[in-house]
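Enquirer: Got a structure for you, questions after.
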Amino acid sequence: MDFYRVARSGQVPDGTVRRFFVNEVELAVARWEGDVYITSNYCTHLDCLLSSGHVTDDGLLCSCHGSVFDFQTGEPIVPPATKPISLFQAKEENGEIFVGLEPDAAIVHAPRRRAEFEAENG
Amino acid sequence: MSVTDAPETVVIVGAGQAGAVAARTLRRRGHGGPIVLIGDEKHRPYQRPPLSKEYLSGEQERDECFLLDEKWCVDNNVDVRIGTAVDRIDPGSRAVELVDGSRVQADSVLLTTGARARRIPGVEGERVIYLRTLDDCDQLRAHLVPGQRIITVGGGFIGSEVASAGRAAGADVVVLEALDVPLERVLGAQMGQVCARIQRSGGVDLMTGHAVEAVEERPDKVIVRTQQGVTVEGDVVVIGIGTIANTEVAQRSGIAVEGGVLVDEYCRTDMSQVFAAGDVTSHWHPLFGQRLRVEHFDNANKQAMCAAKNIVGRATVFDDPHWFWSDQFGVNLQYSGHAPQWTDLVVRGDVDSGCFTAFYLDDGVVRAALSVDRGEDVFGSKELIAHQARPDPAALRDEDTELVDLAAG
């Protein structure tokens with residue numbers, strides 16, 4: 001696994017979640033209580049973009065249907081999502097945010113329903 | 001000693017959605033002691049909205065209904081006991097006594113026993129389905145094929161969503177609604193008429209002003225007779241006429257109940273260290289100044305999270321404005337708030353276009369809002385309701401004015 005630069009720390013203020021692409025992997029980068037958390041940007045309910053959601057005290061909220069995910073474990077705390085979102089290792093150094101990615105990350109972390117559609121339709 | 005150090009046992013009575021969300025929240029909020037989740041259904045905790053929508057229609061897989069996967073439970077020391085009925089909570093020891101005679105010691109108890117479908121006395125059978133559980137839904141799915149004729153009793157959200165799934169599957173659907181328009185009590189006559197229009201546009205034979213008198217089952221069909229003397233035949237009848245809170249465990253424990261388990265704004269019952277959340281509660285709501293019992297998915301989530309926080313000692317008031325949605329016939333309906341009565345209905349957008357938000361004002365205060373294919377108004381509507389706003393109706397109607405700007409004033 002290698003670490004890649006995602007953004008300047010200042011691009012993700014406390015209490016916000018933003019969308020970034022690194023090596024074709026779409027990431028949600030959230031800052032909650034000062035710490036940065038990096039997850040897949042797709043809600044496991046219907047692939048809505050978590051970056052369009054909100055950082056709340058209860059977790060990362062998807063604004064489409066209200067699913068909430070734990071920042072630290074990715075687990076769904078509140079349905080309709082029932083599957084956890086993928087977590088990535090996050091590092092913050094010298095005012096920059098880095099994410100740890102495996103070489104096949106773009107394939108592994110594609111939106112779930114799109115991946116299923118493509119698998120069924122070739 | 002911090003609250004997270006105490007190895008206290010939390011027993012959650014009722015293994016449905018509220019119970020599952022509470023278990024998740026307890027762990028997230030640092031509760032380290034054992035969690036036992038006891039439910040009398042034979043299934044692990046699952047969510048119900050898909051049972052009248054995407055799971056019923058076959059768009060979603062069954063496994064997506066379930067909320068607590070077994071590995072998470074093992075890793076997080078959450079003991080889920082299904083197919084297990086609770087008798088009562090012993091007031092002295094707070095032990096949870098099971099119907100089989102055994103006891104589960106508890107330091108805190110959360111009642112999330114939910115609600116059951118209201119039944120018509122004497123109306124039962126193979127062709128009669130009261131849609132509430134996964135098993136009811138599996139039984140109904142078999143009828144969602146072209147050529148089947150589905151009758152729903154009740155034109156509310158269960159009836160209309162089943163009707164929508166039925167039509168989408170190519171079945172014929174008749175909806176029998178006792179009132180003059182569907183959802184008249186909750187939405188009023190004008191908005192109820194909009195719901196009627198949505199159902200009819202979807203190809204439903206909606207018969208209003210028809211209360212059910214009798215249901216007769218034959219080997220090959222079911223016959224429904226209305227009080228108005230009309231007879232309707234079909235393959236299956238689905239009854240959705242409301243729910244009754246499962247307050248029996250509370251009652252047998254001596255906990256105060258009236259229509260639901262009575263809780264304050266901290267989700268506390270009148271028994272020490274016993275809380276309740278979700279469909280079973282009649283909760284004091286500070287925003288609306290009265291007690292409410294609602295059956296919303298969102299309430300099960302938010303109230304369960306609130307109860308869990310109070311259990312770990314983090315005092316939290318439950319004052320969420322309340323919100324629910326319905327997806328039917330390609331239309332998205334969202335309702336926020338609570339308006340048992342209202343003095344003015346103010347519409348933003350155009351009712352005839354099918355894209356609008358109707359605000360229910362009571363003496364000038366925004367108490368509720370219904371958005372039809374206008375989800376963008378929901379956030380602002382909830383702000384208005386949460387702030388008990390008194391906006392100028394003209395400003396509500398003015399689409400150049402942002403709703404959130406009207407909230408604080």
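Enquirer: Could you run through region A:15-39 and say how many residues are hydroxyl-bearing (Ser, Thr, Tyr) and in contact with a Lys or Arg (Cβ under 9 Å, 6 or more places away or on another chain)?
Expert: Keep residues of region A:15-39 that are hydroxyl-bearing (Ser, Thr, Tyr), which gives A:16, A:37, A:39.
Checking the rest, the ones that are also in contact with a Lys or Arg (Cβ under 9 Å, 6 or more places away or on another chain) come to A:16, A:37.
The total comes to 2.
Enquirer: Tell me the residue from B:VAL238, B:VAL232, B:VAL274 that is within 19 Å of B:ASP87 (Cβ to Cβ), buried (at least 16 other Cβ atoms within 10 Å of the Cβ) and either touching a residue at least 40 places away in the same chain (Cβ under 8 Å) or among the β-branched types (Val, Ile, Thr) (or both), please. Show your work before the answer.
Expert: Numbers: B:VAL238 fails: within 19 Å of B:ASP87 (Cβ to Cβ); B:VAL232 fails: within 19 Å of B:ASP87 (Cβ to Cβ).
Unique residue meeting the criteria: B:VAL274.
Enquirer: Here's something else I'd like to know. Looking at (1) assigned to a loop (DSSP other than H, G, I, E, B); (2) of a type outside the set (S, T, N, Q); (3) more than 30 Å from B:TYR360 (Cα to Cα), can you tell me which one B:GLY203 breaks?
Expert: (3)
Results for (1) touching a Gly at 6+ places or on another chain (Cβ under 6 Å); (2) within 14 Å of chain A (Cβ to nearest Cβ); (3) assigned to a loop (DSSP other than H, G, I, E, B), shown as yes or no for each residue.
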residue	(1), (2), (3)
B:PRO219	no, no, yes
B:ILE223	no, no, no
B:GLU233	no, no, no
B:ILE241	yes, no, yes
B:ARG252	no, no, no
B:GLY259	no, no, yes
B:GLU265	no, no, yes
B:ASP270	no, no, yes
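Enquirer: Regarding region B:185-198, can at least one residue be identified that is under 25 Å from B:GLY125 (Cβ atoms) and in contact with a strand residue (DSSP E or B) (Cβ under 9 Å, 6 or more places away or on another chain)?
Expert: Initially, region B:185-198 is screened for residues under 25 Å from B:GLY125 (Cβ atoms), giving none.
Checked against the condition, which is being under 25 Å from B:GLY125 (Cβ atoms) and in contact with a strand residue (DSSP E or B) (Cβ under 9 Å, 6 or more places away or on another chain), region B:185-198 yields no hits at all.
Enquirer: Considering only residues that are touching a Gly at 6+ places or on another chain (Cβ under 7 Å), charged (D, E, K, R) and within 20 Å of B:GLN328 (Cα to Cα), which ones fall in region B:343-391?
Expert: The answer is B:ASP373, B:ARG374.
Enquirer: Could you tell me which numbered condition B:GLU70 fails, if it satisfies all but one of (1) surrounded by 16 or more Cβ atoms within 10 Å (Cβ to Cβ); (2) modelled with pLDDT of 95 or more; (3) over 19 Å from B:THR269 (Cα atoms); (4) of a type outside the set (Ser, Thr, Tyr)?
Expert: (1)
Enquirer: Follow-up question, since we're still on this one. Just to check your reading of the model, which residue among B:ASP40, B:ASP75 is modelled with pLDDT of 95 or more, among the charged types (D, E, K, R) and either surrounded by fewer than 16 Cβ atoms within 10 Å (Cβ to Cβ) or in contact with a Cys (Cβ under 6 Å, 6 or more places away or on another chain) (or both)?
Expert: Of B:ASP40, B:ASP75, the one residue that is modelled with pLDDT of 95 or more, among the charged types (D, E, K, R) and either surrounded by fewer than 16 Cβ atoms within 10 Å (Cβ to Cβ) or in contact with a Cys (Cβ under 6 Å, 6 or more places away or on another chain) (or both) is B:ASP75.
Enquirer: Further question: Condition first: of a type in the set (Val, Ile, Thr) and over 21 Å from B:ALA245 (Cβ atoms). Now tell me which residues in region B:87-122 satisfy that. Steps first, answer last, please.
Expert: Of region B:87-122, the ones of a type in the set (Val, Ile, Thr) are B:89, B:96, B:99, B:104, B:109, B:112-113, B:120.
The answer is B:VAL104, and nothing else.
Enquirer: Moving on to the next point. Which count do you get for residues in region A:72-81 that are surrounded by 24 or more Cβ atoms within 10 Å (Cβ to Cβ) and more than 8 Å from chain B (Cβ to nearest Cβ)?
Expert: So the count comes out to 1.
Enquirer: Find all pairs meeting these conditions: Cβ atoms under 7 angstrom apart; at least six residues apart or on different chains; first residue within region A:12-39 and within 13 Å of A:VAL55 (Cα to Cα); second residue hydrophobic (A, V, I, L, M, F, W, C) and in a loop (DSSP other than H, G, I, E, B).
Expert: A:ARG18/A:VAL12; A:VAL29/A:VAL12; A:ALA30/A:PHE71; A:ARG31/A:VAL12; A:TRP32/A:PHE71; A:VAL36/A:VAL12; A:TYR37/A:PHE71; A:THR39/A:ILE85
Enquirer: I'm checking my understanding of the structure. Among residues of region A:38-60 that are farther than 20 Å from A:PHE88 by Cβ and of a type in the set (Asp, Glu), which one is farthest from the other protein chains (Cβ to nearest Cβ)?
Expert: Filtering first and then ranking leaves A:ASP57.
Enquirer: All but one of (1) surrounded by fewer than 13 Cβ atoms within 10 Å (Cβ to Cβ); (2) under 24 Å from B:VAL331 (Cβ atoms) hold for B:ASP400, so report the exception by its number.
Expert: All conditions are met except number (2).
The values are calculated or read from the model by the stated rules, or taken from the named source; none is laboratory data. Bear in mind the structure is a predicted one, so any value in this text is a computation, not a measurement. Note: ideal-geometry Cβ built from the backbone for every residue, glycine included; neighbour counts use all protein chains shown.
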